[in-house]
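Okay, so here's the structure we're looking at.
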Amino acid sequence: MLSWRLPFHRWPLGLHLLAAGSVVAAMAAAGWWYGQHLRASADALQGELQAAQGELAAVQSAGPTPAQISFVQGLPRVDRTDDVARDISRLAQTRDVQITALSVEPRLATSSELGKVQFNLAAQSEYKAAKAWLADLLERYPALGVQSLSIRAQANESTRQDIHLTLVLFVKD
């Protein structure tokens, strides 16, 4: 049978209790110190949060910045949509990009969003030509953005690509 005995011949019971008490006290002191460290970190983060909230409130109450105002004033009017569609086609022809489908979906501005016109395109071209065409469009119209772009190689011709592109032109009413 297995029996376990304390080695009282080396250490008396009092020293065992003293060692165990010291370990418990050391662990309690370490826990207290770690709790104080966490409290100090939380206080510092709370102060940073309050400062950031104050800055946010100041920025929100200041209104739009001149850069924001000039951006909105620089947007094209909604009635220029046909001109943009013609430029998309004309620039595509100059870059040897064949547009196979083009649809235009205007969306009016709301109180929280700018007005926008969405151009859904399907095209075919070589990759370099498509890249140059898209760069020309984005350079000519700063208010134009790419919402989605999908380029896939054609099955029968490895140098030509099928392109599905959604462009968004932000406009003012």
Exercise for the section: Select from 72, 159, 27 the residue farthest towards the positive end of the dipole of the chain; place +1 on Cβ of Lys and Arg, -1 on Cβ of Asp and Glu, and compute about the Cα centre. Expected result: 27
Exercise for the section: Measure off, as a whole percent, the carbon and sulfur share of the 1.4 Å-probe accessible area of the chain, all protein chains present. Expected result: 59 percent
Exercise for the section: Go ahead and set up a Gaussian network model of the chain, Cα springs under 10 Å, then flag whichever of 46, 154, 124 fluctuates most. Expected result: 46
Fill in the blank from the handout: Helix 127-140: inclination vs the chain longest Cα principal axis, degrees, rounded to 10, gives 90 degrees
Practice task
Give me the angle, in degrees from 0 to 90, between the Cα long axis of helix 13-62 and the longest principal axis of the Cα atoms of the chain, rounded to the nearest 10.
Solution key: 30 degrees
Handout entry: Degrees, to the nearest 10: 81-94 long Cα axis against longest axis of the chain
Key = 80 degrees
Exercise for the section: Please give, to one decimal in nm, the separation of the simple spin-label points placed at residue 50 and residue 15, each 7 Å out from Cα toward the Cβ. Expected result: 5.4 nm
Problem - Label assignment, volume of the Cα convex hull per residue in Å³ derived from the structure, set (1) 328; (2) 134; (3) 125 - result: (1)
Handout entry: For the chain: relative contact order, % (alpha-carbon pairs under 8 angstrom, 6 or more apart)
Key = 20 percent
Practice task
Classify the stretch 107-173 as rounded, prolate or oblate, taking a ≥ b ≥ c as the square roots of the eigenvalues of its Cα gyration tensor: rounded when a/c is under 1.5, otherwise prolate if a/b is larger than b/c and oblate if not.
Solution key: prolate
Practice task
Please give the per residue accessible area of the chain, computed with a probe of 1.4 Å over protein heavy atoms only, in Å².
Solution key: 73 Å²
Exercise for the section: Would you work out the charge dipole size for the chain about its Cα centre, treating the Cβ of every Lys and Arg as +1 and the Cβ of every Asp and Glu as -1, and quote it to the nearest 20 debye? Expected result: 660 debye
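The values are calculated or read from the model by the stated rules, or taken from the named source; none is laboratory data. Just so you know, these numbers come straight off a predicted model, no measurement behind them. Here Cβ is always computed from backbone atoms with ideal geometry, including for glycine, and neighbour counts include all displayed protein chains. For accessibility, only protein heavy atoms count, side chains too; no ligands or nucleic acids. Shrake-Rupley method; radii C 1.70, N 1.55, O 1.52, S 1.80 Å.
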